[in-house]
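Engineer: Please find one structure pasted underneath; my questions will follow.
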Amino acid sequence: MDEAQGKSLATSEAGKLGGAARAKSLSKSERSEIARQAALSRWGASDPKATHTGTLKIGETEIPCAVLADGTRIITQYGFMRAIGRTGRPAAGKGASFDKLPPFLSARQLKSFVSNDLGSSISPIAFQMTHGGRAYGYRAELLPQVCEVYLKARDAGALDKRQMEFAKACDIIMRGLANVGIIALVDEVTGYQVVRARDELAKILEAFVAKEIQKWIRTFVVEFYELICKLRKESMDRVKKRPRYFGRITNDLVYRRLAPGVLQELEHINPADERGHRRAKHFQHLTPDLGHPRLKEHLAGVTTAMKFALLQGLTWGKFRELLNQTHPKWKPMPLFDRAAPPRPAPRKSLPPAPDPV
């Protein structure tokens, strides 16, 4: 090593030691600001900055969003995917070119339903968060347009089974936004938006979506029907086919024992048509705050009783005797979303009119 190289190495080592000593002398906030400025100098210095950020909570789903300095409303990539029922985390900036659709629109079944305007404006926007980090998102007003793509594809019968789940989420979001939109308009023209709570509209949307999602929750799991087949010594093929008499068994094991009068009330507000089909599942008419949790609790007890009966080698008849002892009827409780309409009193027949004179 020559003298020049030695001096250069010594200077480098001294610089490192000096940098370390300087870092120790800085406060935590000062070190964070230096790191933030360094990051901005490497990338994102020209990105628009968010002036406001927040998280829209709908049930268990969190949708991060932001408003940029120019007034652009943004939903982050992650939040956008969650809103339409998608899972996973998107790669940062994926699909940023105008000739490349984002993952949630790139399926071949959807492409013919994506308008040119949507296809050219759905590219992610890179922006600076209020705390200095970089994020990607889409303009919030594009969410209803993306939902429309799924709904049009659904109506055309173009979606596969998995995509139908996304279409359900999009349908709920669209109706929820319409519900909140009209409330926001009324608040604006009446001036009520000045006094309403900051998150009142978000709570209205959350309540609407939570109630709609309730209709799609799988309540009766496959295990329930498998245990019925095992106890009755029937073919397991019937778990998938679910013959009509399975409904009568479910009524006997569940709804007749849930609370007095429950089955009669459900059959009144959710009647079967001439072909024996109902517009909804019985459990969809139970209230989410009381009826549905009570149903889940009852199903867990019945399932446990069936497992015990199998371990003890009990017959189907003996199992029902056991269930009669372990799951008696409960006192009446308000299980329904709405009361059944009152039945009109029978009309009295009028006497025949007298013959004209």
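The values are calculated or read from the model by the stated rules, or taken from the named source; none is laboratory data. Keep in mind that what you see is a predicted model, and the values were worked out from it rather than measured. Neighbour counts run over all protein chains shown; Cβ positions are idealised from the backbone, glycine included. When the accessible area is computed, the model is the full protein with side chains, heavy atoms only, and any ligands, DNA or RNA have been set aside. Shrake-Rupley method; radii C 1.70, N 1.55, O 1.52, S 1.80 Å.
Engineer: Quick one: length gained pulling Gln109 to Glu234 fully straight, 0.36 nm per residue minus the C-alpha distance?
Structural biologist: Working it through step by step, the gained length comes to 41.0 nm.
Engineer: Kindly state, to the nearest 0.05, the FRET efficiency for Asp160 paired with Asp199, given R0 = 41 Å and r defined as their beta-carbon distance.
Structural biologist: 0.65
Engineer: With a probe of 1.4 Å, find how much accessible area the stretch 254-312 has per residue, and write the answer as a whole number in Å².
Structural biologist: Using a 1.4 Å probe on heavy atoms only, each residue of the stretch 254-312 averages 54 Å².
Engineer: Give me the percent of accessible area attributable to carbon and sulfur for the stretch 122-223, probe 1.4 angstrom.
Structural biologist: Here it works out to 58 percent.
Engineer: Still on this structure: List, in order, the whole-Hz ³J(HN,Hα) value for each residue of the stretch 244-251 obtained from phi through the Karplus relation with A = 6.51, B = -1.76, C = 1.60 and θ = phi - 60°; use x for Gly and Pro.
Structural biologist: 4, 5, 4, x, 5, 5, 4, 4
Engineer: Using only alpha carbon pairs under 8 Å that are at least six residues apart, calculate the relative contact order of the stretch 215-287 and give it in whole percent.
Structural biologist: The normalised contact order for the stretch 215-287 reaches 19 percent.
Engineer: Taking only protein heavy atoms and a 1.4 Å probe, what accessible area per residue, in Å², does the stretch 107-253 have with all protein chains in place?
Structural biologist: Computed with neighbouring chains in place, this is 57 Å² per residue.
Engineer: Can you tell me the relative contact order of the stretch 155-278? Whole percent, Cα pairs under 8 Å, sequence separation 6 or more.
Structural biologist: Result for the stretch 155-278 is 14 percent.
Engineer: Further, regarding this structure: Sort the following peptides by mean Cβ neighbour count (other Cβ atoms within 10 Å, averaged over residues), highest first: 104-117, 258-271, 137-150.
Structural biologist: 137-150, 258-271, 104-117
Engineer: For Met174 and Phe220, calculate 0.36 nm times their separation in residues minus their Cα-Cα distance, and state this gained length in nm to one decimal.
Structural biologist: 13.8 nm
Engineer: With a point put 7 Å past each Cα toward its Cβ, work out how far Ala184 is from Leu322 in nm, to one decimal.
Structural biologist: So the two model labels end up 5.5 nm from each other.
Engineer: As a quick test, which of the pairs Lys161/Lys241; Lys168/Lys307; Lys49/Lys111; Lys240/Lys307; Lys203/Lys240; Lys57/Lys307 have an alpha carbon distance above 28 angstrom in this structure?
Structural biologist: In this structure, Lys168/Lys307; Lys49/Lys111; Lys203/Lys240; Lys57/Lys307 exceed 28 Å between Cα atoms.
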